[in-house]
Each structure stands twice: as structure tokens, then as C-alpha cells.
Amino acid sequence: MVKNNKLFILIIISLILGIGLGAIVHYQFPDSIDAFSKNIKLLGTIFIRLVQMIIAPLVFSTLVVGIAKMGDMKMVGRVGGKAMAWFISASLVSLLLGMVLVNFFAPGKGTNIKLDVNDSAKELVEKTHDFSLEEFVKHVIPKSLFEAFATNEILQIVIFSILFGVALAAFSKKEAKPIIKLLDTTAHVVLKMVSYIMWTAPLGVLGAVASAIAKH
């Protein structure tokens, strides 16, 4: 609890420092805004990349161990069903809340902001128009576990982890124990890494806020 409080305080301090630093550069050093924003933004990029780095191994190890330790497939089904229900419900609530708030407050209304849509964004929009059931199935089911890990396709990793966990649970406890123990240890190691990475969150906040304030 004390560590969490310290981290929270550091994040708040970083937020205030980011606002102050960004404002100083914006008003006092307008010629250096682009260079400052580009360099300070690296702090946020480092934090985001560190978080992205641990998502795949964390999801794989925790899911496989959780399913394999349950053993009973009926229990796995019940837990999985409840988890999916909570996930879908939370997603729908967050989407509806976002839509309501955006339509009510109308952020950006009255401002003269010109959006620069680059080629990559246009290509992404075109891809969404061509989206089909076949493309959805290809996106969900991994062609290769290593490819899914390399590209951080979390949904594909989840699908493989569930199948792997169910298959592992079908073995006897004696046969499955070495793999479960290995993955359980891996999960604990990754969780320890998470605790280390979270201490870089204040730097990420500082970089992101200072960059945004300096530009605008």
C-alpha cells in the first residue's frame, strides 16, 4: 500500500512538472518546441514499449496456468463465460459512456483545428472498409504462435493459451506438473517485471504531458 501511494504521488508530481515544463517551453522557447517535444516524448514511448513487451508472456503464462490448475472443464467454461460477459459488458458501457460524453460536451467545438491525415491513416481506414468475416477469423486464429507474440496480437495469444491450457488440463497431474510449474514461475517473474516497469510510469506521464502542452 505504501509503495502504491508513493507511485501515485510520483505520477501526480510528474503530471504537474510536465504541465509546467511544457508551458515554459511553449511560451518562452517557441523555436525549440518541435525538438523538445520530440525528445521528451521518448520518455512516454519507453514506458509504453516496456508495457507492450510484457503483455504477451503475462497473458500466455497466467491463462495457461489458471486453466490447467482448474482441471475441471465445466469450471473452466463457467469462469470463461463470466469473464467474457464482464469483458463485453465493460466494453459496451465504456463505449456508450464515451459516446454520450462526447455528444454532450462536444470537445473541440468552436476550435479551428486542421487534421493532417497521413497515408498510413488513410490505408487503415481503407482496410476497415474491406473487413469481412473471413478477415475476422484470420485475425482471431493465429497462423503461428511466434508471429502472434512478435506482433503482440493479444486475441490470438488468448485463443492459443486457452487451447493449450485445456489440452494441458487433460493430462494427469503428474505429467502436467513440470510444465505448469515452469509457466507458474514464469508468470511470477513477469509480474515482478510489471512492478519494476510501473515505476517508470511517472517518466512516461512527464514525457507525454510535457510534449502535449508544449505543442498546444
Being closer than 16 Å to Y196 by Cα, in a helix (DSSP H, G or I) and of a type outside the set (S, T, Y) is the requirement here; does L7 meet it? yes
For region 20-45, give me the residue count where each residue is of a type in the set (V, I, T) and either part of a loop (DSSP other than H, G, I, E, B) or under 11 Å from A208 (Cβ atoms) (or both). 2
Listed residues S211, S172, S195; which is of a type in the set (S, T, Y) and in contact with a Lys or Arg (Cβ under 6 Å, 6 or more places away or on another chain)? S211
Filter region 166-210 down to residues that are assigned to a helix (DSSP H, G or I) and of a type in the set (S, T, N, Q) and give me whichever is surrounded by the most Cβ atoms within 10 Å (Cβ to Cβ). T186
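Every number here is computed from the coordinates shown, using simple stated rules; none is lab data. Keep in mind that what you see is a predicted model, and the values were worked out from it rather than measured. Neighbour counts run over all protein chains shown; Cβ positions are idealised from the backbone, glycine included.
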